[in-house]
Amino acid sequence: LMQQLYFRVLCTDWLVAYQPKEICAVRGSSVVISCTFHYPEKLDNKNLTVEKVMWSQGRKQFFDGPFITESNNRTHNSTKFEYVGNKVHNCSLQIHQVEQRDSGEYAFRFETNNGNWTGKNATNVNVSELFISMTTPKVGKPIKEGDCVNLTCMYNCSSAVMWFKNRKPLQEESSTLYLRDISFQDSGNYSCSPKHYNRPLSGVIRVNVESVTLTILIAVLAVVPMIIIVPMVAWHLVAHRYVLPTISSN
């Protein structure tokens, strides 16, 4: 819709438009800067064609570079920055494995056979860290069945997240995962990511739940051998009229 509007109203203008103007990305994720561009069909009675497209990072590089992607320069075939647009009207850029150093302003520039244009209004990318934390009833104490445990996924971009248990997605989408009346089956490795991201990006928090049933079973198994062995030893001593040796003191 935005692209169609530009073509109808500004059909004779040079134009680069970014959407949105501000992008928040989580470190380790991939982000796409959506971009459209337009130019007159003719200039000085000459049909215009796009010959080169390029992206730059940092306002000082907007016009003369160096550029992070450049269509006619093979040395810019980077795995970090990928031009996913074309030479018609789509100028979108994808940034893979976002890092803190990728924060900043990005601008698109294109050159035709009779003029060039830079979208100097730029778009700004902010990179946020993703943190995960756990709240338990008693700090430093084991988690027991029936306790309430809260896991929180925090970052500056949004409150919508995806939760994972043992790297498998859960249904919860809020920033806090409430494990009420927790059971032994809730034990596992928990992590999170921004919503709609198909793999965890945060660190891992291990939740270990002590099973009441298992604790009782272990206690019983520890006592049962004594219940069986002690009577058997006593019976053996009686049956063989075994007399404990005495130590005489001379």
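Can you confirm whether Cys153 is modelled with pLDDT of 60 or more, in a loop (DSSP other than H, G, I, E, B) and within 18 Å of Leu130 (Cα to Cα)?
no
Does the stretch 126-146 include one or more residues that are under 21 Å from Arg199 (Cα atoms), at pLDDT below 95, in a loop (DSSP other than H, G, I, E, B) and not charged (D, E, K, R)?
The answer is yes, given that some residue of the stretch 126-146 is under 21 Å from Arg199 (Cα atoms), at pLDDT below 95, in a loop (DSSP other than H, G, I, E, B) and not charged (D, E, K, R).
Would you please list the contacts, defined by Cβ atoms under 7 Å and residues six or more apart or on different chains, that run from a residue in the stretch 33-53 that is on the phi > 0 side of the Ramachandran plot to a residue that is outside any strand (DSSP E or B)?
Going by the 7 Å Cβ cut-off, the qualifying pairs are Asp44/Asn114.
What number of residues within the stretch 1-30 satisfy the criterion of being open to solvent by 20 Å² or more (accessible area, probe 1.4 Å), at pLDDT 85 or above and under 30 Å from Val161 (Cβ atoms)?
7
Answer yes or no as to whether Asn116 is closer than 30 Å to Val50 by Cβ and loosely packed, with under 13 Cβ neighbours inside 10 Å.
In short, no.
Working only within the stretch 20-40, note down all residues that are in a strand (DSSP E or B) and over 12 Å from the mean Cα position of the chain (by Cα).
Scanning the stretch 20-40 gives Glu22, Ile23, Cys24, Val32, Ile33, Ser34, Cys35, Thr36, Phe37, His38.
Would it be correct to say that Glu82 is in contact with a Leu (Cβ under 9 Å, 6 or more places away or on another chain) and either outside any loop (DSSP other than H, G, I, E, B) or within 19 Å of Tyr18 (Cβ to Cβ) (or both)?
yes
Does any residue in the stretch 54-74 that is within 16 Å of Gly119 (Cβ to Cβ) and touching a residue at least 40 places away in the same chain (Cβ under 8 Å) come within less than 6 Å, Cβ to Cβ, of a residue that is open to solvent by 50 Å² or more (accessible area, probe 1.4 Å) and part of a loop (DSSP other than H, G, I, E, B) six or more places away or on a different chain, and which pairs are these?
Here the result reads Phe62/Lys120, each pair linking the stretch 54-74 to a residue that is open to solvent by 50 Å² or more (accessible area, probe 1.4 Å) and part of a loop (DSSP other than H, G, I, E, B).
Just to verify a result, which residue in the stretch 184-207, among those that are at pLDDT 95 or above and part of a loop (DSSP other than H, G, I, E, B), is nearest to Ser30 (Cα to Cα)?
Only one residue tops the list, namely Val204.
Does Arg109 satisfy the criteria of being open to solvent by 60 Å² or more (accessible area, probe 1.4 Å) and either in contact with a His (Cβ under 6 Å, 6 or more places away or on another chain) or outside any loop (DSSP other than H, G, I, E, B) (or both)?
The answer is no for Arg109.
The values are calculated or read from the model by the stated rules, or taken from the named source; none is laboratory data. Small disclaimer: the values here were computed from a predicted structure and weren't measured. Reconstructed Cβ throughout: ideal geometry from the backbone, glycine too, with neighbour counts over all protein chains shown. The area values use the complete protein model at the heavy-atom level, side chains included, leaving out ligands, DNA and RNA. Shrake-Rupley method; radii C 1.70, N 1.55, O 1.52, S 1.80 Å.
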